[in-house]
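A short worksheet on the structure shown next.
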Amino acid sequence: MFQDDPDEAEIYFNLPIPRRKWLLDLLKKYQVSALLSGHSHRAFTYTLNCTLFSSAETTSVAFDGVCHGFRRFVFKDGMIRFNTVSVDADPIA
């Protein structure tokens, strides 16, 4: 949807501003707790208008240099927790 700031200029990695505004308004209107995504090639987690935005680590090219892997999310008692599961170790070797 966007990389660092909801008001940032349109670039390859984010939605056009009118569609972004529409989607952000929709998330706020319906009090969405979390928007989880992948395929961003960089990991991030932040909160905007009480919605958690999180994109997991990648299992392909990592533009941010973090480990290759995925996130395990747990939703319990009104809380959202996650941990990163790395796939960088080579259990086959």
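The values are calculated or read from the model by the stated rules, or taken from the named source; none is laboratory data. Everything numeric here is computed off the predicted structure, so don't read it as measured data. Cβ: placed from backbone, ideal geometry, glycine included. Neighbour counts: every protein chain shown. Just so you know, the surface numbers come from the protein's heavy atoms only, side chains and all, with ligands and any DNA or RNA stripped out. Shrake-Rupley method; radii C 1.70, N 1.55, O 1.52, S 1.80 Å.
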### Query
With +1 on each Lys and Arg Cβ and -1 on each Asp and Glu Cβ, how big is the dipole of the chain about its Cα centre, in debye rounded to the nearest 20?
460
### Task
Read through the labelled values [x] 170; [y] 140; [z] 100 and report the label of the one computed as volume of the Cα convex hull per residue in Å³ from the structure.
[z]
### Task
Working from Cα positions, state the angle (0 to 90°, nearest 10) between the long axis of helix 17-29 and the longest principal axis of the chain.
90
### Query
Simple spin-label model, 7 Å along Cα-to-Cβ: residue 22 to residue 70 in nm?
3.1
### Task
For the chain, give the percent of accessible area contributed by carbon and sulfur heavy atoms, probe 1.4 Å, rounded to a whole number.
58
### Task
State, to one decimal in nm, how far the label point of residue 85 lies from the label point of residue 8, with both points 7 Å from Cα in the Cβ direction.
2.9
